[in-house]
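Presented below is the structure to which this report refers.
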Amino acid sequence: MVLYFYPSDYSRGCTAEACTFRDSYEVFKEAGAEVVGVSSQSVEFHSRFAADYGLLFVLLSDEGGLVRKLHGVPSTFGVIPGRVTYVIDKQGVVRHVFNSQFDSKRHIEEALLVLKEISQGGGTQENLTR
């Protein structure tokens, strides 16, 4: 599973990130991974965002920020919800964590690299923030 937290639907960086996940969605599926995005907008807002951009993966609403807090996703400058991507293997082990507020497209690149390592039987169990 690729679980990614992002600040807000329709913002420039978040839209670019979601569309890059969308454009690579088949590659993720071929690697055996499901993509799930999480932000604080409502289910209805997510539905509009997903429809407007043809998103093929699930967007979860975390309106109270509990899921974000449970995963330890930091905020940027103390006010902007953080952008963090987790790659979680089939045993539920977090194999990779990537945290970058401003390099949204790299989240996809990092996740695909780790999935490739996992599918080839390589990679160690890691919980790294790059």
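The values are calculated or read from the model by the stated rules, or taken from the named source; none is laboratory data. These numbers come from a predicted model, not from an experiment. Quick reminder, even Gly has a Cβ in these numbers, built from the backbone with ideal geometry, and neighbours come from all protein chains shown.
Yes/no matrix, rows are residues, columns are (1) more than 18 Å from GLU30 (Cβ to Cβ); (2) more than 11 Å from the chain's Cα centre (by Cα); (3) of a type in the set (Val, Ile, Thr); (4) at pLDDT 90 or above:
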residue: ARG48; (1), (2), (3), (4): yes, yes, no, yes
residue: GLY72; (1), (2), (3), (4): yes, yes, no, yes
residue: GLY78; (1), (2), (3), (4): yes, yes, no, no
residue: LEU112; (1), (2), (3), (4): no, yes, no, yes
residue: GLY122; (1), (2), (3), (4): no, yes, no, no
residue: GLN125; (1), (2), (3), (4): yes, yes, no, no
Practice task
Consider only pairs whose beta carbons are under 9 Å apart and that are at least six residues apart or on different chains; among these, list those whose first residue lies in segment 15-43 and is without any contact (Cβ under 8 Å) to a residue 12 or more places away in the chain and whose second residue is surrounded by fewer than 17 Cβ atoms within 10 Å (Cβ to Cβ) and in a loop (DSSP other than H, G, I, E, B).
Solution key: GLU26/LEU56; LYS29/LEU56
Exercise for the section: Look through PHE102, PHE77, PHE45 and report the one residue that is among the aromatic types (Phe, Trp, Tyr) and on the phi > 0 side of the Ramachandran plot. Expected result: PHE77
Problem - VAL87 vs. criteria buried (at least 19 other Cβ atoms within 10 Å of the Cβ) and in contact (Cβ under 8 Å) with a residue 60 or more places away in the chain - result: yes
Fill in the blank from the handout: PHE21 passes all but one of the listed conditions (1) in a loop (DSSP other than H, G, I, E, B); (2) surrounded by 14 or more Cβ atoms within 10 Å (Cβ to Cβ); (3) aromatic (Phe, Trp, Tyr); the exception is number (1)
Exercise for the section: Give VAL67, VAL58, VAL93 a once-over and let me know the one that is within 18 Å of LYS29 (Cα to Cα) and either at pLDDT 90 or above or touching an Asp or Glu at 6+ places or on another chain (Cβ under 9 Å) (or both). Expected result: VAL58
Fill in the blank from the handout: Sole miss for GLY32 among (1) under 11 Å from VAL2 (Cα atoms); (2) surrounded by fewer than 20 Cβ atoms within 10 Å (Cβ to Cβ); (3) modelled with pLDDT of 95 or more; (4) touching a helix residue (DSSP H, G or I) at 6+ places or on another chain (Cβ under 8 Å) is condition (3)
